[in-house]
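The structure under discussion appears below in the form of structure tokens.
Read-outs: derived from the displayed coordinates by stated rules, not from any lab. Since we're looking at a predicted model, the values are computed, not measured. Positions of Cβ are generated from backbone atoms using ideal geometry, with glycine treated the same way; all protein chains shown enter the neighbour counts.
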Amino acid sequence: MPPIVDHYHWDIHSDYTILTPSQLSSGGDPDKPDFLVQFRAYRSNTTSRHLVTSKIAILRFDSIITDLNNSASPFFRYLGMPEERQVNLVDEISFFADGLAMDISNAGETMFPIVVSIDISDDAYVDDFQEEAAELIKELEKVVVNEEDYYEQCPICLDRPSTGEEITYMPCSHFCHSNCLLKWFQKNASCPLCRFQCLTIFSQI
Ligand SMILES: [Zn+2]
Ligand SMILES: [Zn+2]
């Protein structure tokens, strides 16, 4: 799979509404303020934008890069973001955090709110997704149903596979009609029964 370079756009800003009252009045150390970062991932295309997943992390002043690498990198990987883009984003977040902490008008604050919105552009994303799905389907075990075979219903269309139809086994050993699976993988990365992540583009680490 070629590296995804232009699928990810982000915006980093400060938003005090994401802090709870207790976080606002927490007796932290104003010389070493903490950062509360809310990551929000959106899928977007030219006509729509919707939140896919979000995550909150608290970063310590003294260990911001380490904390970012520990808490944010798994999230970025989950989004399928390539390594070099992860590094860029981590750099930008720590630079932004530094700026907040050094800003004289923020003196006395003990917790800084940071919102990182990541837009994953759908159009480009779909291409990679399709490509990986096609590769996977090629490799999966397929069976053509015989007259004497009995199969449980296909979890996608809910019909039982009948004689002459082809079914495909997913890596989790669940099966679907081959045609149903083809359509399913155009929008989903996991098994419809057990949610096993079949496509690595979405695999969580
Ligand atoms: Zn089916
Ligand atoms: Zn399964």
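What residues qualify as long-range amide H neighbours of Phe175, i.e. H under 5 Å apart, gap of 5 or more or another chain, H built at 1.01 Å from N?
Hits under the 5 Å cutoff: Met170.
Given a cut-off of under 8 Å on Cα pairs at least six residues apart, what relative contact order in percent is computed for the chain?
25
Return the sequence-ordered ³J(HN,Hα) values of the range 164-175 in whole Hz as given by the Karplus equation 6.51 cos²θ - 1.76 cosθ + 1.60 applied to θ = phi - 60°, using x for Gly and Pro.
Coupling constants for the range 164-175: x, 7, 9, 10, 10, 8, 7, x, 7, 6, 7, 10 Hz.
Take each of the peptides 130-137, 109-116, 50-57, 67-74, average the number of other beta-carbon atoms within 10 Å over its residues, and list them starting from the highest.
109-116, 67-74, 130-137, 50-57
If Lys and Arg each add +1 and Asp and Glu each add -1, what is the summed charge of the other residues whose beta carbon sits under 11 Å from the beta carbon of Glu92?
Charge balance near Glu92 sits at -2.
Which of the chymotrypsin sites (Phe, Trp or Tyr not before Pro) found in the range 81-166 are in a DSSP loop and have at most 10 neighbouring Cβ atoms, other than their own, within 10 Å?
Tyr150
Roughly what % antiparallel, to the nearest 5, for the DSSP beta bridges in the chain?
70
State the answer as a single residue: which of Val144, Tyr42, Leu79 lies farthest towards the positive end of the charge dipole of the chain, with beta carbon charges of +1 for Lys and Arg and -1 for Asp and Glu, about the Cα centre.
It is Tyr42.
How high is the FRET efficiency between Asn146 and Ile58 when r is their beta carbon distance and R₀ equals 41 Å, given to the nearest 0.05?
The calculated FRET efficiency here is 0.10.
Could you give the size of the charge dipole of the chain about its Cα centre, using +1 on the Cβ of each K and R and -1 on the Cβ of each D and E, expressed in debye and rounded to the nearest 20?
480
Mind listing the phi-derived Karplus ³J(HN,Hα) values for the range 75-91, rounded to whole Hz, using 6.51, -1.76 and 1.60 with θ = phi - 60°, and x for any glycine or proline?
Each residue of the range 75-91 in turn: 5, 5, 5, 4, 7, x, 6, x, 3, 5, 6, 4, 5, 4, 5, 4, 4 Hz.
Among Ile56, Cys198, His177, which residue has its Cα positioned farthest towards the positive end of the charge dipole of the chain, with +1 placed on the Cβ of Lys and Arg, -1 on the Cβ of Asp and Glu, and the dipole taken about the Cα centre?
Farthest along the dipole direction, towards plus: Ile56.
Under a 5 Å amide H to amide H cut-off, with H placed in plane at 1.01 Å, what residues pair with Val115 once short-range neighbours are removed?
Correct list: His13, Ser14, Asp15, Gln38.
Where does the chain land at 222 nm, in deg cm²/dmol rounded to the nearest 500, when only DSSP H runs of n ≥ 4 count, each adding -39500 (n - 2.57), divided by all residues?
For the chain, the value works out to -10000 deg cm²/dmol.
Could you tally up the Lys pairs in the chain with alpha carbons closer than 24 Å? Skip any pair fewer than 8 positions apart unless they're on separate chains.
The result is 6.
Check which residues have an amide H placed less than 5 Å from Thr53's amide H, if you skip close sequence neighbours.
The answer is Ala41.
Step through the residues of the range 151-157 one at a time and calculate ³J(HN,Hα) from phi using the Karplus curve (6.51 cos²θ - 1.76 cosθ + 1.60, θ = phi - 60°), rounding each to whole Hz and writing x for Gly and Pro.
10, 5, 5, 5, x, 8, 9
Mind putting a number on the dipole of the range 128-186 about its Cα centre? Charges go on the C-beta only, +1 for Lys and Arg and -1 for Asp and Glu, and I need it in Debye to the nearest 20.
Dipole of the range 128-186, to the nearest 20 debye: 140 debye.
Provide the packing ranking of 179-185, 33-39, 82-88, i.e. peptides ordered by the mean count of other C-beta atoms within 10 Å per residue, highest first.
Descending mean neighbour count gives 33-39, 179-185, 82-88.
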